[in-house]
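**Q** Could you have a look at this structure, given as structure tokens, before my questions?
No lab work stands behind these numbers, since they all come straight from the coordinates. Small disclaimer: the values here were computed from a predicted structure and weren't measured. Heads up, the Cβs are rebuilt from the backbone with ideal geometry, glycines too, and the neighbour counts pull from every protein chain shown.
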Amino acid sequence: MDPKQNNPKDPQGQRRPPMPMRALVAWFLLIALVVTVFQLATQHSNKATSLPYNPDFLTLLKEGRINKCEVVMEVSGQSFIRGELKELDGTGIKQFRVETPVTENLVEKLTAAKVPFEFKPQNPLVWQIVSSTVPFLLVFALIYFLFYRNMSGSARGAFNFGKSRARLMTRDTNKITFKDVAGADEAREEVQEIIEFLRDPKKFQRLGGRIPKGVLLVGPPGTGKTLIAKAIAGEAQVPFFSISGSDFVEMFVGVGASRVRDMFEQGKKNAPCIIFIDEIDAVGRSRFSGIGGGHDEREQTLNALLVEMDGFDTQEGVIIIAATNRPDVLDPALLRPGRFDRQIVVDLPNLTGREAILKIHARKVKLDATVQLRNIARGTPGFSGADLANLMNEAALLAARRGAETIHEKDLEEARDKVRWGRERRSRVLDDKEKRLTACHEAGHAIVLALTPGAEPLHKVTIIPRGQALGATFQLPEKDRYTEGRERLLGMITGTMGGRVAEQLCFGEITTGAASDIKQATHIARMMVTEWGMSDLLGFQHFGTREELLFLGREVSRTNEMSEETARKIDAEVKRIIDECYQKAVDILTHNRAKLDLLTSLLIERETLDGRDVEEILKHDRILTAAERNAEDAVKEAETPAAPAAE
């Protein structure tokens, strides 16, 4: 028999999922209970009236009021008569019961009165036992299946509130190893040290050292903290317990502390082992809030965690690994040596790390052989591992949508732009004036950035609306930068002014399209003056406000650390920097006005130009053909000095 025949289809042709066995049993018990209650209620409403055999039964028999009857024969030899009795007014029927021995005279009298009757053997003792116990059994069975089994099976029953929800992971359930981790080499090395200690403790104990009791993984969201913990579970040959910080907190008092103690009891029984607590800030926040008071259940849970990690009854062999992206809110007692001895920073990946992460995610998709993941990594500064995974998935979806066999570089670039700025909004139709205004604005950005010394290379310029922007100018950094010089910062401010200056030169008016440019330029200029000490007037000083989070109870108000005169000087210095950069942008675009008009026209025609197109327009006043580009590339390769040979 084909098993598919037992799985019917819905009207849309999709197979319906089979009903779980527990649900079938529950529905069966519910129906049986309803039927039993209905029968008991019916029997109660038609309760039989007990009549004496002589003279009432015989009198009713003579009067013809007996409708029908049954002679019930019991195993013990006793018998009784039950049947239906007509009412005096003839409007209804009443049940009756008569205790009497069965004699031949009774049979003769029933036959003479023409009353239909029959003999029916029965065991009333068994029937009474069954009829009285079955309803209660059905009720208890229904309660068991609907409530107790569901609650206890999911570890949320009343008897399991204090039990730990930590899940034990083995190599069979977790296939992730350090081969699947990239972009966090330092964190990987420090964690690898813990795994080696668990495998060979004598290697580290030979010199009197001890392994850290706790390791805290700190970093922005999506950088791979939980992935590193899963890789530890895949690499270590010891039990690995995984739990979330929110699993400790419940509505009942004392549950969190009880779960902490139970979790460590399980760890001690399986020592040496690793316990991983994800999002520990849910339970490890600072215990003093500064506002209000009273008993806090989360605070008691934290106290139990502190005692278990380093208290009187602490045992070796249980290593705690926790992850959080909010280390500033954790309690200081949790971070002291002896509890979390080591903090490992899992930062955003650099250029090499992003390329390695993209290669890992490229294993699961069909990537074209011509794709240069290095270029994609260059164009994704600030992307986390989760962002890069989303980028690769979006690229696969885009390639599948257009019916391609493999993923091309244009799919990856489109996915990158979609993840960072949003998808293209071609439904936002611009009229000719707005389209020309947008093209002029973006052309101004492109020319100023291309002609500003020290600026990052241009990647592409587009006037296709994306997200909230009507157009965009993208740069492609050659490498990751961790410090910025004053000249580069001034060049960035000058580049943001290109759009507004181009609008004034081409149309003689300004629009609201430069709102984000003004915000970015003002932010950079103010940071140069107040944070980075790059102002000749104010010098090497820090000017800012001291602001603390309210729920930490440290500072409620914001305190200014400068006088009103200093604040006026800061505002004047910020305005001076912006005005100077604005004038530089005016000079660049005024000197290249013809190229601005040409680039604007090409943008209106093609909607998107890459960085090389802009470079050729500025250099040759036109876009070169493919043959000319190949000849130019050949000349550049010939002029490039060869790398010295290794000795």
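**Q** Just subtract the alpha-carbon distance of R488 and R210 from 0.36 nm times their residue separation and send over the number in nm, one decimal. Kindly include the intermediate steps, with their values, before the conclusion.
**A** Values: separation 278, 0.36 × 278 = 100.08 nm, distance 4.73 nm.
Difference between extended and current length: 95.3 nm.
**Q** Okay, next question. Once label points are set 7 Å from the Cα along Cα→Cβ at both L58 and A271, what is their separation, rounded to one decimal in nm?
**A** In this crude label model, L58 to A271 measures out at 9.3 nm.
**Q** Then there is this: Say each of F178 and D587 gets a label point 7 Å from the Cα, pointing the same way as Cα to Cβ; how far apart are those two points in nm?
**A** 5.5 nm
**Q** Could you compute the net charge surrounding K575? Neighbours are other residues with a C-beta less than 14 Å from the C-beta of K575; K and R count +1, D and E count -1.
**A** On the way: positive: R526, R568, K569, R576; negative: D571, E573, D579, E580.
Within the 14 Å Cβ shell, the charges total 0.
**Q** Only loop residues by DSSP count here, and only those with at most 12 other Cβ atoms within 10 Å; note down the trypsin sites (Lys or Arg not before Pro) in the stretch 389-450 that meet that. Don't skip to the end; give the middle numbers.
**A** Details: sites: R401, R402, K410, R416, K418, R420, R423, R425, R426, R428, K433, K435, R436; in loops: R402, R423, R425, R426, R428.
Those that pass, being in a loop and sparsely packed, are R402, R426, R428.
**Q** Once both labels are modelled 7 Å past Cα along the beta-carbon direction, what's the V635-F136 spacing in nm?
**A** Here the modelled spin labels are 10.4 nm apart.
**Q** Within 10 Å, count the other beta carbons around each residue, average over each peptide in 488-495, 187-194, and list them highest first. Intermediate results must be reported in sequence, preceding the final value.
**A** Numbers: 488-495: 21.9, 187-194: 17.4.
Result, highest mean first: 488-495, 187-194.
**Q** What is the packing order of peptides 210-216, 586-592, 458-464, taking the mean over residues of other C-beta atoms within 10 Å and listing the highest first?
**A** Details: 210-216: 20.4, 586-592: 17.0, 458-464: 22.0.
Sorting 210-216, 586-592, 458-464 by mean packing, highest first, produces 458-464, 210-216, 586-592.
**Q** Work out how much length R568 to L476 would gain on full extension: take 0.36 nm times their residue separation and subtract the Cα-Cα distance, in nm to one decimal. Let's see the in-between values first.
**A** Details: separation 92, 0.36 × 92 = 33.12 nm, distance 3.73 nm.
Length gained between R568 and L476: 29.4 nm.
**Q** Among 447-456, 576-585, 325-334, how do they line up by average Cβ neighbours within 10 Å per residue, starting with the highest?
**A** Working: 447-456: 20.6, 576-585: 18.2, 325-334: 16.1.
Output ranking for 447-456, 576-585, 325-334: 447-456, 576-585, 325-334.
**Q** Now, a different point. Kindly provide the GluC sites (Glu not before Pro) of the stretch 458-487 that DSSP labels as loop, not H, G, I, E or B, and whose Cβ sees at most 16 other Cβ atoms within 10 Å. Don't jump to the answer; show the numbers that get you there.
**A** Values: sites: E478, E484, E487; in loops: E478, E484.
Here the GluC sites (Glu not before Pro) that fit, given the DSSP loop and packing criteria, are E478, E484.
**Q** Between the stretch 201-216 and the stretch 468-502, how many Å separate their Cα centres?
**A** Using only Cα atoms to place each centre, the spacing works out to 48 Å.
**Q** How big is the dipole moment of the stretch 451-548 about its Cα centre under a simple scheme where the beta carbon of each Lys and Arg is +1, that of each Asp and Glu is -1, and everything else is neutral? Debye, nearest 20, please. Show your work: numbers first, answer last.
**A** Values: 10 positive and 12 negative charges, 37 e Å.
With only Lys, Arg, Asp and Glu charged at Cβ, the dipole is about 180 debye.
**Q** Continuing with this model, one more query. Efficiency by 1/(1 + (r/R0)^6): what FRET value for D579 and D185, r their Cβ-Cβ distance, R0 = 51 Å, to the nearest 0.05? Write out the running numbers ahead of the final one.
**A** On the way: r = 45 Å, r/R0 = 0.88.
E(calc), rounded to 0.05, equals 0.70.
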